[in-house]
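For reference, the structure discussed in these notes is given below.
The values are calculated or read from the model by the stated rules, or taken from the named source; none is laboratory data. Values in this document were obtained by computation on a predicted structure and should not be read as measured data. Note that each Cβ is placed from the backbone with ideal geometry, even for glycine, and that neighbours are counted across all protein chains shown. When the accessible area is computed, the model is the full protein with side chains, heavy atoms only, and any ligands, DNA or RNA have been set aside. Shrake-Rupley method; radii C 1.70, N 1.55, O 1.52, S 1.80 Å.
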Amino acid sequence: MEAILLKQATIIDPSSNFHEKKVDIRITDGVITEIATELAPESASETIVQSDALYVSQGWLDMRAQFSDPGNEEKETLRTGLETASRGGFTAVVLSPLTTPKIQSKADISYLKNNADNQPTEIIPAVTLSKDAKGEDLNELYDA
């Protein structure tokens, strides 16, 4: 059994009674089991996390994620990028279109969506406004 005690974490959740309040949070096997003004450790094996800037929320959105896939999958695949984002607390990422090749077509979007299925982090692909991001010819925006 893995137990974690977050000390004096600020909760960011407008739908919660604890919104913007500093509380202690006990997490057992990945599930929040207790929230209170102050909690004592239950055992010596419980991991205590404490910081002046500790925040807890349902998830974060990265508005400018940059993955190497498509184009440089040997550095990072779409799946490894999404796994890393998930471990960082991101529930969604907007993927920058400035990969090599650029993300600019319906086929590119389909590739990303199909390879991001069943991942804990949602991918929101962005496309280039102009062909190859050169600022010369407008991309087929309706198609993408």
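The number of residues in region 23-41 that are of a type in the set (Lys, Arg) and modelled with pLDDT under 95 comes to 0.
Set side by side, the residues Ile35, Ile11, Ile25 differ, and just one is farther than 30 Å from Asn115 by Cα and open to solvent by 30 Å² or more (accessible area, probe 1.4 Å), which is Ile35.
So that you can scan it fast, the table gives a plain yes or no per residue for (1) in contact with a His (Cβ under 7 Å, 6 or more places away or on another chain); (2) at pLDDT 85 or above; (3) open to solvent by 70 Å² or more (accessible area, probe 1.4 Å); (4) basic (Lys, Arg):
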position	(1), (2), (3), (4)
Ile109	no, yes, no, no
Asn114	no, yes, yes, no
Pro125	no, yes, no, no
Asp132	no, no, yes, no
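Tell me yes or no: at least one residue of region 82-95 is open to solvent by 30 Å² or more (accessible area, probe 1.4 Å), of a type in the set (Gly, Ala, Ser) and free of Cβ contacts under 8 Å to residues at least 24 places away in the same chain. The answer is no, given that none of the residues of region 82-95 is open to solvent by 30 Å² or more (accessible area, probe 1.4 Å), of a type in the set (Gly, Ala, Ser) and free of Cβ contacts under 8 Å to residues at least 24 places away in the same chain.
With respect to being within 30 Å of Ser130 (Cβ to Cβ) and either open to solvent by 60 Å² or more (accessible area, probe 1.4 Å) or in a loop (DSSP other than H, G, I, E, B) (or both), Thr100 fits the description.
Could you tell me whether Lys131 is touching an Asp or Glu at 6+ places or on another chain (Cβ under 6 Å) and more than 17 Å from Glu76 (Cα to Cα)? The answer is yes for Lys131. Of all residue pairs spaced 6 or more apart or on separate chains, those with beta-carbon atoms under 6 Å, a first member in region 119-144 that is on the phi > 0 side of the Ramachandran plot and a second member that is surrounded by 14 or more Cβ atoms within 10 Å (Cβ to Cβ) and modelled with pLDDT of 80 or more are Asp132/Lys102; Ala133/Lys102. Here Thr47 does not qualify as surrounded by fewer than 14 Cβ atoms within 10 Å (Cβ to Cβ), more than 23 Å from Gly88 (Cβ to Cβ), β-branched (Val, Ile, Thr) and over 23 Å from the mean Cα position of the chain (by Cα). Tell me which strands (runs of 3 or more DSSP E) are completely within region 13-89 and hold 2 or more residues being of a type in the set (S, T, N, Q), or say none if there are none. In region 13-89, the matching strands (runs of 3 or more DSSP E) lie at 47-50. Can you say whether Glu20 is at pLDDT 95 or above and either open to solvent by 100 Å² or more (accessible area, probe 1.4 Å) or in contact with a helix residue (DSSP H, G or I) (Cβ under 8 Å, 6 or more places away or on another chain) (or both), as far as the supplied structure shows? In short, yes.
A search for C-beta distances below 6 Å between a residue of region 44-58 that is more than 21 Å from Pro14 (Cα to Cα) and of a type outside the set (Lys, Arg) and any residue that is open to solvent by less than 70 Å² (accessible area, probe 1.4 Å) and in a strand (DSSP E or B), counting only pairs 6+ apart in sequence or on different chains, returns Glu46/Ala3; Glu46/Leu5; Thr47/Ile4; Ile48/Leu5; Val49/Leu6; Gln50/Lys7.
Which of the residues spanning region 42-83 are over 30 Å from Asp132 (Cα atoms), of a type in the set (Ser, Thr, Tyr) and modelled with pLDDT under 95? Scanning region 42-83 gives Ser43, Ser45, Ser51, Tyr55, Ser57.
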